[in-house]
Structure formats: structure tokens, C-alpha cells
Amino acid sequence: MKLSVSKQFLAFLVSGGLAALANFGSRIVFNRWFSFSTSIIFGYLVGMLTAFVLMKQFVFSGSRKSLKHSIFVFTLVNLAAVAQTWAVSMVLAYYVLPWLGIHHFVREIAHACGIAVPVFTSYIGHKRWTF
């Protein structure tokens, strides 16, 4: 069985990966001044801005949809994604990981998992509606 992945999806993964790094890194910085919960949201906004710029430029550059439309729909798709990221991060950090006996890097593990969850739903949403 041959697994085939489109160039567009690979570009999406690279762009999304860079945006996820921006999200993750900025969440750690924000966590110096804000709660974990609030820092997840602020970090997500940094990642979201990074993702929009990279995806508009490198993933969906052939889009004929207006910039205004793309920004609006991108925001809507990401509202669903940030809800997924926040919920997964909070449940893992405060319930699942402690229950499993994991006590080191709990916030980092939880947040990394939370960031990974909406990868496929975001790709489908952006491909169909945003760009």
C-alpha cells in the first residue's frame, strides 16, 4: 500500500509546525505573567497570526478569495481549533497527566498535545472555506 500525501498538505504541516512553535514558545513566555489557561489563549493568538501569514503565502497562495473573507473565515475555523487546544491542554494538565503519575513538564506535554489535536480539522476547514 502506497501512502500519498499532497504537496499542499505537506506545506500546511510545515507552516502549521512553525506556527505551533510560535504558539508553544510564546505560551511559555506569557506564562511568566499570566495563568496557564490565559497563556494558552494568548499563545494561540500568536500562533494563529503566524499561521495565517504562512498559509496565505505558501500553502493556499492560489486562492481567489478576498483577504477580508480569508481573515474572517480563518478566525472562525481557529475559534473551533483554540477551543479544542484549550480543552485538551486543561484536561491533560490538571486531570490525566497527574492521574498517570506524570509530574514533570506537565504543562508542556499537555499544551503540545493540545496544539496537535486540531491539525486535521483545521486543514479541512481552511482548504474548504478559508482560502
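The values are calculated or read from the model by the stated rules, or taken from the named source; none is laboratory data. All of these numbers come straight from a predicted model, not from anything done at the bench. Counting neighbours? That spans all protein chains shown, and the Cβs are built from the backbone with ideal geometry, glycine included.
Tabulated data for the structure shown
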{"read-out": "Residue check for THR130: farther than 22 Å from VAL5 by Cβ and either within 17 Å of the chain's Cα centre (by Cα) or surrounded by 17 or more Cβ atoms within 10 Å (Cβ to Cβ) (or both)", "value": "no"}
{"read-out": "Filter result (surrounded by 15 or more Cβ atoms within 10 Å (Cβ to Cβ) and either at pLDDT 95 or above or more than 26 Å from GLN57 (Cα to Cα) (or both)) within region 85-107", "value": "TRP86, VAL88, SER89, MET90, LEU92, ALA93, TYR94, VAL96, LEU97, VAL106, ARG107"}
{"read-out": "Region 83-108, residues that are under 26 Å from LEU10 (Cβ atoms), in contact with a Pro (Cβ under 8 Å, 6 or more places away or on another chain) and either among the hydrophobic types (A, V, I, L, M, F, W, C) or not in a helix (DSSP H, G or I) (or both)", "value": "none"}
{"read-out": "Residue within region 109-120 that is surrounded by 13 or more Cβ atoms within 10 Å (Cβ to Cβ), in a loop (DSSP other than H, G, I, E, B), without any contact (Cβ under 8 Å) to a residue 40 or more places away in the chain and over 17 Å from the mean Cα position of the chain (by Cα) present", "value": "no"}
{"read-out": "Hey, THR50 over 17 Å from PHE120 (Cβ atoms) and either aromatic (Phe, Trp, Tyr) or surrounded by 19 or more Cβ atoms within 10 Å (Cβ to Cβ) (or both) or not", "value": "yes"}
{"read-out": "Within region 32-68, tally of residues that are touching a residue at least 60 places away in the same chain (Cβ under 8 Å) and either more than 27 Å from ARG107 (Cα to Cα) or in a loop (DSSP other than H, G, I, E, B) (or both)", "value": "6"}
{"read-out": "Meets criteria (part of a loop (DSSP other than H, G, I, E, B) and free of Cβ contacts under 8 Å to residues at least 40 places away in the same chain) for GLY25", "value": "no"}
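Rundown of residues vs (1) surrounded by 14 or more Cβ atoms within 10 Å (Cβ to Cβ); (2) at pLDDT 95 or above; (3) farther than 20 Å from GLN84 by Cβ; (4) hydroxyl-bearing (Ser, Thr, Tyr), yes/no style:
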| site | (1), (2), (3), (4) |
| --- | --- |
| ALA22 | yes, yes, no, no |
| SER26 | yes, yes, no, yes |
| ARG32 | no, yes, yes, no |
| SER35 | no, yes, no, yes |
| ILE40 | yes, no, no, no |
| GLY43 | yes, yes, no, no |
| GLN57 | no, no, yes, no |
| SER61 | no, no, yes, yes |
